[in-house]
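Supplied in structure tokens, the structure appears directly below.
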Amino acid sequence: MKLLEPASIGTMQLKNRMVMAPMTTNYGNEDQTPSDRLIAFLEERAKGGIGLITVEVCTIDVKQKYQPQSLTLGSDDFIASHRKLTDALHQYDVKVQPQITHPGPESMSGFYFGEMPVAPSATTGACTGLPARELAIDELDDIIEAYAQTARRAREAGYDGIELHAAHCYMLLGTFLSPLKNKRMDEYGADSPENRTRLLVRVLRRIKEVAGPDFPITLRISGFERIPGGRDAADTAAIAPLLVNAGVDAFHVSGGVSDPMVSQMICGPEYPDGYNLPAAEAIKRVVDVPVMVVGRFLDPEFAEQALRDERADLIVMGRPLLADPHLPNKVAAGQFDQIRRCISCQNCIDSMFMWPMDARMNCAVNPATGREQTLNYSPAAIKKHVVIVGAGPGGMEAARVAAERGHRVTLVDRRRRLGGSLLLASTVHRDNERLLDYLKREMQRLPIELQLGINATPERIAALAPDEVIVATGARLHYTPIPGMDGTNVITGSQLRELVAGELTQPAKALPLLVRAGVGLFGPLIDRYLTPGRLRRAANTGLPFGRRVAIIGGDLAAIEVAEFLAKRGRDVMVLEAGEIIAPEIGPKRRLEHEKRMEKLRISINVRTKVSEITERGVVLALDNGGRREVQADTVLIAGEPVASTSLYDELQAASIKSYLIGDASGLGLIVKATYEGNSVASKL
């Protein structure tokens, strides 16, 4: 495989062509040194077989702090702490480089040191929103020297090279490159290629003078800024030879410009895989140094094809290595079916919007990301019989970890198939199926006893003689009574759940007679053999929904169903009583859904009370005391997921040692289910 072939960046020799992207984690110490947590996080990726690790942003000035827990190499005092990091990683035959930058307009210097951030021209930070002043020409020499001295410190700290950040019309070098932020009228303005690259060229040359001509420099740059007023699609390839002459040993091609949601850097499924490849290919055509590319290389199979097609020389992966740090080793071993793949849920970004409470990155599909020191699958000192009730994401993750640690595991579920609520979630959000498939394969690979189609009563559980029981039975749906909710045009979330389970225990007048009859005849087969793909194909053929659909409730499940229906020709409205839709997710993913819903022409109302359901639709109670009837052929009442603790309570009453995880203890989505399943199983 091309991915496994060696490569070189200047004097740096790499064992393969897979590179770990620099990713903000906020795992650093408050004093801007690498923490043990950060080192453990990177060390796990080094163990996993990656060829080159690029450490997240390291600033060139101690006062130019980038994030609350970011790093610096702005003083010789920081060399020793970075040496600890490089020594830890070099044990695993991996090369490592820091991403060197001056944050420019994105600096938090105003927060921490009372100094206004700086930029090529007066502007505001793309992410901070804080004002930044224009740099004077006589200030540039000191900044250039700071870059050079930081590179020298990186070399003394044991790094194998550096990456310079000049992408995304972001931070200092990136904003000087872009006419979007650079409005200067002097020789550092953006009016010509020579002028807008002048500062970057001086930085490159001075680094080579101070750190040594043999110290490799990778340049991260946007191939295309994709915004009116930014650099056009051909600009980077045009200036690339000039930058090579100044000292660039490799290009790291990204794209877009930054915004508070890093919308064009860490993208959802609306962007194609490898969306920066055209720009990388254009640059590769005109330079003789390696070109690496980043941007939705979620699957090594796709990355391999990009290399075979000679569109790039190395592939940069970020989120895929959060999901599975051992992806490179699994590629080398041909274990593609054991790779835990990123599902583009954006939890990694949304988890960092918690500052100042807990702005540390985590991963929904891999709870051990950032928790390597505690969730490390160490062999159990005492082997136990662990019974897990519920084969959804939390239950399967608990079973996987418990089995990996050497416990005897029995997984019980009343359904005849694995997946729990993840089946519906994978139907309406296709990327979730990647996690479902991985967990199902792990249940088959590991020595786990599956007891499916079993109603796990306390008596049956006790008969299995467990040492520990984990209850992962999911949430139940609660409904606020609405007049007319038993009408012939109403479907509930509970009825949809039962439909895909092949049973209907509740009256479902809105479902066609043929559907109800089919469930009655083929229920056990539906329960056993239904998959997200089969459910999507069935939905493409026919849906028990009229043309106009009103969805009462706007949580994540509701809006994903809204998108699913709208893609199949329904006119959908979402009516949410709360302040925002999908409050259980973060702002980045919510914005992605809102954009998608707009394209699908889904209308959204919040702070909206439905006072009645009629044969014609729904009646809204208006703030002025009036009423308004809105027409709808079908009304879907989503229901509110609430904790379902009855089995756990019975086990506790019977003195059976048990734990409650996932939505059974309250809504928390995949990230809560997998974390709690992993955490409990890691402690048994």
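Which of the aspartates and glutamates could be linked to K330 by a straight reach, that is with a Cα gap under 13 Å, when you skip same-chain ones fewer than 8 residues away?
D299, E301
So what's the net charge close to Q13: Lys and Arg +1, Asp and Glu -1, counting the other residues with Cβ under 15 Å from its Cβ?
Charge balance near Q13 sits at -3.
Quick check on region 575-684: what does the Kirkwood estimate of hydrodynamic radius come out to from the alpha carbon pairs, in Å?
It works out to 17.5 Å.
Over the Cα atoms of region 272-415, each weighted equally, I'd like the Debye log10 I(q)/I(0) at q = 0.09, 0.11, 0.21 Å⁻¹, rounded to two decimals.
At q = 0.09, 0.11, 0.21 Å⁻¹ the computed log10 ratios are -0.41, -0.58, -1.27.
Further, regarding this structure: Calculate how steeply helix 556-566 sits against the longest principal axis of the alpha-carbon atoms of the chain, using the helix alpha-carbon long axis, and give the answer as 0 to 90 degrees to the nearest 10.
The two axes meet at around 90 degrees.
Still on this structure, I have one more. State to the nearest 20 debye the size of the charge dipole of the chain about its Cα centre, where the only charges are +1 on K and R beta carbons and -1 on D and E beta carbons.
1960 debye
Here's another thing I want to ask about it. Can you list residues whose amide H is under 5 Å from T124's amide H, if they're 5+ apart or on another chain and H is modeled 1.01 Å from N?
Hits under the 5 Å cutoff: A132.
Sorted by mean Cβ packing within 10 Å, highest first, what order do the peptides 96-102, 622-628 take?
Final packing ranking: 96-102, 622-628.
Explain nothing, just the number: dipole magnitude of region 560-684 about its Cα centre with +1 on each Lys and Arg Cβ and -1 on each Asp and Glu Cβ, in debye rounded to the nearest 20.
Charge dipole of region 560-684: 480 debye, to the nearest 20.
For region 170-321, which whole percent of the accessible surface, found with a 1.4 angstrom probe, sits on carbon and sulfur atoms?
52 percent
Skipping prolines and chain starts, which residues have an amide H placed within reach, meaning under 5 Å, of the one on I9, given they are 5 or more residues away or on another chain?
Amide H to amide H, under 5 Å and 5 or more residues apart or across chains, I9 pairs with L14.
Based on Cβ point charges of +1 for Lys and Arg and -1 for Asp and Glu, what charge dipole magnitude is obtained for region 100-195 about its Cα centre, in debye rounded to the nearest 20?
Its charge dipole is roughly 340 debye.
Could you tell me the extents of region 206-284's C-alpha atoms along the three principal axes, largest first, rounded to whole Å?
Principal extents (Cα only, largest first): 43, 24, 24 Å.
Out of residues 5 or more away from E163 or on other chains, whose amide H comes under 5 Å of its own, with H placed 1.01 Å from N in the peptide plane?
HN-HN under 5 Å from E163: Q99, I100, T218.
Sticking with this one: May I ask which of K383/K440; K567/K609; K95/K383; K509/K588; K84/K284 have a Cα-Cα span longer than 29 Å here?
K95/K383; K509/K588; K84/K284
While we're looking at this one, here's another question. Summing -39500 (n - 2.57) over the DSSP H runs of n ≥ 4 in the chain and dividing by its residue number, what mean residue ellipticity at 222 nm do you reach, to the nearest 500 deg cm²/dmol?
One gets -10000 deg cm²/dmol as the mean residue ellipticity at 222 nm.
For region 332-355 and region 152-198, what is the separation of their Cα centres, given in Å?
Region 332-355 and region 152-198 have Cα centres spaced 30 Å from each other.
Helix 198-211 against the longest principal axis of the chain: what's the angle in degrees, Cα atoms only, rounded to the nearest 10?
For helix 198-211, the angle is close to 80 degrees.
Still on this structure, I have one more. Write out the chymotrypsin sites (Phe, Trp or Tyr not before Pro) in region 635-684 meeting two conditions: DSSP loop, and at most 16 other Cβ atoms within 10 Å of their Cβ.
Sites meeting the loop and neighbour criteria: none at all.
Cβ neighbours within 10 Å, averaged per peptide: list 200-207, 428-435, 638-645 in order, most packed at the top.
Going by the mean number of other Cβ atoms within 10 Å, highest first, we get 200-207, 428-435, 638-645.
For region 251-355, run through the trypsin sites (Lys or Arg not before Pro) and keep only the ones in DSSP coil with at most 16 other Cβ atoms within 10 Å of their Cβ.
Those satisfying the criteria are R285.
Over region 212-317, what is the mean sequence separation of C-alpha contacts under 8 Å (at least six apart), divided by residue count, expressed as relative contact order in percent?
Relative contact order, region 212-317: 26 percent.
OK, next. Using alpha carbons only, how many angstrom separate the centre of region 465-524 from the centre of region 21-96?
Cα centroid to Cα centroid, the span is 50 Å.
For a quick size check, give me the Cα extents of region 1-80 along its three principal axes, largest first, whole Å.
So the three principal-axis extents are 44, 25, 20 Å.
Which whole-number value in Å² is the accessible area per residue of the chain, probe 1.4 Å?
39 Å²
Order the peptides 161-174, 526-539, 314-327 from the highest to the lowest mean number of other Cβ atoms within 10 Å of their residues.
Packing order, densest peptide first, comes out as 161-174, 314-327, 526-539.
Then there is this: Run the numbers on region 182-249 and let me know its relative contact order in percent, using alpha-carbon pairs under 8 Å that are six or more apart.
28 percent
Follow-up question, since we're still on this one. To the nearest 10 degrees, how steep is helix 140-156 against the longest Cα principal axis of the chain, on a 0 to 90 scale?
It works out to around 70 degrees.
Oh, and also: Roughly how far apart, in whole Å, are the Cα centres of region 574-610 and region 390-406?
Using only Cα atoms to place each centre, the spacing works out to 33 Å.
The values are calculated or read from the model by the stated rules, or taken from the named source; none is laboratory data. What you see is a predicted model, and the numbers here were worked out from it, not measured in a lab. Using ideal geometry, Cβ is built from the backbone for each residue, glycine included, and neighbour counts are taken over all protein chains shown. Quick note on the areas: whole protein, heavy atoms, side chains included, nothing else; ligands and nucleic acids left out. Shrake-Rupley method; radii C 1.70, N 1.55, O 1.52, S 1.80 Å.
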